[in-house]
Amino acid sequence: MYQKIAIITGSSSGIGKAFLELLANDKGEFYKTPFDEIWAVARRADALNELARSITNVKVVPVVADLASDSGIKTIEDKLKAEEPSVGLLINSAGMGIKGKVMDKSPDALSDTIAINCSALSRLIRITVPYMKNEGVRPAIINIASSAGFLPQPNFAAYAASKSYVISFSRAMSYELKPLGISVTAICPGPVRTDFQRRATEGKETDFTDWRKNFVADPVKLARASLKASLKGKRMVSYPFSQKFLHLASKIIPISWILSFSGGLK
Ligand SMILES: NC(=O)c1ccc[n+]([C@@H]2O[C@H](COP(=O)([O-])OP(=O)(O)OC[C@H]3O[C@@H](n4cnc5c(N)ncnc54)[C@H](OP(=O)(O)O)[C@@H]3O)[C@@H](O)[C@H]2O)c1
């Protein structure tokens, strides 16, 4: 009998870790049938091993993989081929972005952003869907996009563009995978309290410092809302509610105004 599993990328910290802990402690709030295993994917083996030790309700399997590399994706592909599990849930939360002007950053910063946020997310869907079996519980994919994907964003250009890709790809996949009974949900959060801002500013800021500090969301609340939206089969969620206005504004405000507004963001 195959194992019924969930796969969560980016589960060593932030939003991915919040998903992992919520699912590990799930007593039927989200999934009536608990997962036999949760594959926790990230690069930091120590953080994943610590989570696997501290979580006892479900077996957490650390999968150490650099999703910017072909070998990282192959690690997951090989594991799926070897174990042939039934994948009930894939959460693509791993992501990165480096703030600053493109011309001030290394070419690698660009390619890593695209590799992790776009290529890895797409390839993981491609290699995982063949293992999603619609038996009782509808298999689901949750992709963590961003409200940054609503707008072109000078000083965060590749990140914002990569998240536009995630939104567009997720929407198209929700249509393509519907006949297989698989739901695809893109989550578009505004600022969330995680390690993201520290990494994006290369250690200069540990948290959001400008006006956005008033809108910073809690990762656990975001993860809970995302799982509920996925179970309802929603295609896209802006979180929190304030981000819906940004989405609406991005559709009706002229692009030159959007560029001046988003160019002024740090
Ligand atoms: N925080 C926010 O304000 C915010 C807002 C909107 C959207 N998001 C999105 O939310 C998602 C999660 O970010 P977060 O806020 O939770 O930030 P975070 O705490 O920095 O978490 C990022 C996660 O991605 C993993 N990751 C990064 N590079 C990787 C690589 N090359 N290979 C494998 N895993 C990698 C990290 O693990 P390792 O370092 O261990 O590899 C970590 O677990 C991202 O997609 C981000 O774009 C965040």
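The values are calculated or read from the model by the stated rules, or taken from the named source; none is laboratory data. Here the structure is a predicted model, which means the values were calculated and not measured. Cβ: placed from backbone, ideal geometry, glycine included. Neighbour counts: every protein chain shown. Each accessible area value is taken on the protein alone, full model and side chains, heavy atoms only, with ligands, DNA and RNA left out. Shrake-Rupley method; radii C 1.70, N 1.55, O 1.52, S 1.80 Å.
Calculated on the alpha-carbon coordinates, the convex hull of the stretch 41-89 measures out at 84 cubic angstrom per residue. Extents of the chain, largest first, come to 57, 36, 30 Å (Cα atoms, principal axes, whole angstrom). D by Stokes-Einstein for the stretch 189-266, Kirkwood Rh over Cα pairs, 4 °C, 1.567 mPa s: 91 µm²/s. Under the classification rounded if a/c is under 1.5, otherwise prolate if a/b is larger than b/c and oblate if not, where does the stretch 1-107 fall, given a ≥ b ≥ c as square roots of the Cα gyration tensor eigenvalues? Cα axes put the stretch 1-107 in the prolate bin. Label sites at ARG53 and LYS244, each approximated as a point 7 angstrom past Cα along Cα to Cβ, lie 4.4 nm apart. Nearest 10 degrees is fine. How inclined is helix 157-177 to the longest principal axis of the chain, computing both from alpha carbons? Tilt of helix 157-177: around 40 degrees.
Looking at the chain alone, DSSP beta bridges between its own residues are antiparallel in about 5 percent of cases. Comparing VAL129, VAL166, VAL41 in a Gaussian network model of the chain, where Cα atoms under 10 Å apart are tied by springs, the biggest mean-square fluctuation is seen for VAL129.
Work out the FRET efficiency for VAL64 and LYS234 from their Cβ-Cβ distance, taking R0 = 25 Å, and round it to the nearest 0.05.
Working: r = 32 Å, r/R0 = 1.27.
It comes to 0.20.
Values of log10 I(q)/I(0) for the stretch 89-169 across q = 0.19, 0.21 Å⁻¹ run -0.78, -0.90, by the Debye formula with one identical scatterer at each alpha carbon and no solvent. Simple spin-label estimate for LEU180 and LYS32 gives 2.4 nm between the two label positions (7 Å along the Cα-to-Cβ direction from each Cα). The residues MET236, MET132, MET103, sorted by heavy-atom accessible surface at 1.4 Å with ligands and nucleic acids left out, run MET103, MET236, MET132 from largest to smallest. When the chain is treated as a Gaussian network with alpha carbon springs shorter than 10 Å, the biggest mean-square fluctuation among ASP78, ASP26, ASP210 belongs to ASP210.
What nm value, rounded to one decimal, do you get for the distance between ARG212 and SER106 when each label is placed 7 Å out toward the C-beta? In this crude label model, ARG212 to SER106 measures out at 2.3 nm.
With all protein chains in place and a 1.4 Å probe, the accessible surface of the stretch 4-262 carries 56 percent carbon and sulfur.
Rounded to the nearest 500, the 222 nm mean residue ellipticity of the chain from helices alone is -12500 deg cm²/dmol, with -39,500 (n - 2.57) taken per DSSP H run of at least 4 residues.
Note on the stretch 129-259: the C-alpha convex hull projects to 9.1 nm² when averaged across all orientations. The alpha carbons of the stretch 160-220 stretch over 46, 23, 18 Å along the principal axes, in descending order.
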